[in-house]
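Contents: one structure, followed by commentary.
The values are calculated or read from the model by the stated rules, or taken from the named source; none is laboratory data. No experiment lies behind these values; they were computed from the predicted model shown. Positions of Cβ are generated from backbone atoms using ideal geometry, with glycine treated the same way; all protein chains shown enter the neighbour counts.
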Amino acid sequence: MTNYKKPTLDKDLDKLGYMEEAAGSIGRRLVAPGIALLFITLSAVIAGATGSGHPGLFVVIAAAAIGAYMALNIGANDVANNVGPAVGSRAMTMTTALIIAAVFESAGALVAGGDVVGTISKGIVDPASVASPGIFTAAMMAALMSSALWINLATWIGAPVSTTHSIVGGVMGAGIAAAGFAAVQWGTVGSIAASWVISPLFGGVIAAAFLAFIKNFIVYQDDKLAAARRWVPVLIAVMAGAFTAYLAMKGLSKVIKIGLGEACGAGLAVGLLSWIICRPLVARQSRGLENRNQSLRKLFALPLICSAALLSFAHGANDVANAVGPLAAIVHTAELGDVAEKVTIPLWVMAVGALGISFGLVLFGPRLIDMVGAQITKLNPMRAFCVALSAAITVIIASALGLPVSSTHIAVGAVFGVGFYREWYTENSARRMAYMERKHDDKIKKVRPLKNREEQTRRKLVRRAHFMTIVAAWVVTVPVAAILSGVLYFLLVPFLAG
């Protein structure tokens, strides 16, 4: 029996096929970076066309490119916190999440992004200490570039970080390099450092509290659907009221000035109206459903999608300033030749920020969305609902207390809080044990035996590797951005301050 050998021509054709397949795979990976580069280039071209005839045209063009790069990175990293839990819980697909987030991020940035932004972000540096236009421009450009590079690195390693903390670190580092340590408002920096601990703790505790409520008053009740008809409208009303107050204070504050009391009053009114509307809707939706947890998840899916859209709107309204605030300051200084404490943001600058966030989300966001929604801990619609609700309530409480908080830290902290609570509850809850024993005794259905304590300890519900990576990234965000910004300032200042 003779061995069959491929003809030389067939071997060559196979090799060509493998090469074409490899080339196609590489080409697909280059599509997103190519589109991002095209957007950065177009932003620079638009800046050049808009600022033609002004003395600092080259500076404006360079700043527009860096601002576009920063906006892309914000979209790639920060937006995951808004839609990640909804995707991880399978309340909506990745494609739906990308569309909703892109639309509402852009709407929030353009509608409520604000007309005025402080040139020295968050009052970190005394403007009088960098009054020279050239030094100021170098400081702002270094801050913008350093924060963008750090967020890009954080996205690459899979760590959701605060873009606000990144730009604050960049401004602080450039300010120290330009005018020394005395120029920094260290009281503000201390408040921001405190928010590293306050934000995730608040988010985690509030999310865990709501999950405990849902478990005890709905999930582990004998008649789950009856309990859901009673409490789901209440939870939706709390969510509607919280988001109304959240948007009034954070998302619409640049359109109309609303105080904390007025925002909470509006939230109370909307919450009551939502409860009245949702009671019959939830009762109708629960008809015909089986008395099991899978049925409960269906009742939380639509509110979770709405919360993702509202969080995206508020995020676009607030965090677009992290990309366009320093850019607007550079444009103002380059065109008018003076340093101002407040500057008006041109429409094209706001558009760069809004579109950049959306492009960054669509092109590079899925990786971080999957990280937040699925890889830290397992989420279902009820747990993801607790995360979204915690984000809104934590911002309201922090605003009432005058505490600076990070929406990124709140959302990720809430995911950790839900996961750690589930670990504790699984191991220690007497109510759960009683429920499982009752189900077993009544022979309603066969239940899985509880894992022994050693197995529970080995298989934690929160992935510790991701926990340590994210916390480490949070801790080093401000110092790394500051050091990088200081180095970039010394590289840029000879060209811009001469």
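Can you name the residue in the stretch 120-139 that is closer than 18 Å to L488 by Cβ and at pLDDT below 70 and is also surrounded by the fewest Cβ atoms within 10 Å (Cβ to Cβ) among such residues? Looking at residues that are closer than 18 Å to L488 by Cβ and at pLDDT below 70, I get S121.
Keeping to the stretch 381-411, report how many residues are crowded, with 20+ Cβ neighbours inside 10 Å and either polar (S, T, N, Q) or in contact with a Gly (Cβ under 6 Å, 6 or more places away or on another chain) (or both).
So the answer is 6.
If you check L327, L296, L311, which single one turns out to be under 20 Å from the mean Cα position of the chain (by Cα) and either closer than 25 Å to F243 by Cβ or touching a residue at least 12 places away in the same chain (Cβ under 8 Å) (or both)? Don't jump to the end; show me each part of the working.
On the way: L327 fails: under 20 Å from the mean Cα position of the chain (by Cα); L296 fails: under 20 Å from the mean Cα position of the chain (by Cα).
Among L327, L296, L311, only L311 is under 20 Å from the mean Cα position of the chain (by Cα) and either closer than 25 Å to F243 by Cβ or touching a residue at least 12 places away in the same chain (Cβ under 8 Å) (or both).
Here the stretch 46-80 is the region considered, the condition is being in a helix (DSSP H, G or I) and without any contact (Cβ under 8 Å) to a residue 12 or more places away in the chain, and the residue that is surrounded by the fewest Cβ atoms within 10 Å (Cβ to Cβ) is A49. Every listed requirement among (1) under 30 Å from L57 (Cβ atoms); (2) of a type outside the set (V, I, T); (3) surrounded by fewer than 24 Cβ atoms within 10 Å (Cβ to Cβ); (4) at pLDDT 90 or above is met by G360 save one, (3). Here V171, V87 are screened, and the one residue that is in contact with a helix residue (DSSP H, G or I) (Cβ under 7 Å, 6 or more places away or on another chain), β-branched (V, I, T), modelled with pLDDT of 85 or more and under 30 Å from L496 (Cβ atoms) is V171.
Is it the case that the stretch 154-161 has a residue that's hydroxyl-bearing (S, T, Y), modelled with pLDDT of 90 or more and under 23 Å from P494 (Cβ atoms)? Write out each step before concluding.
From the stretch 154-161, those hydroxyl-bearing (S, T, Y) are 155; that's our starting set.
With the extra rule that they be modelled with pLDDT of 90 or more, the set shrinks to 155.
Still in the list and also under 23 Å from P494 (Cβ atoms): none.
The answer is no, given that none of the residues of the stretch 154-161 is hydroxyl-bearing (S, T, Y), modelled with pLDDT of 90 or more and under 23 Å from P494 (Cβ atoms).
Yes or no: S407 under 25 Å from V462 (Cα atoms), among the small types (G, A, S), touching a His at 6+ places or on another chain (Cβ under 7 Å) and touching a residue at least 12 places away in the same chain (Cβ under 8 Å)? Yes.
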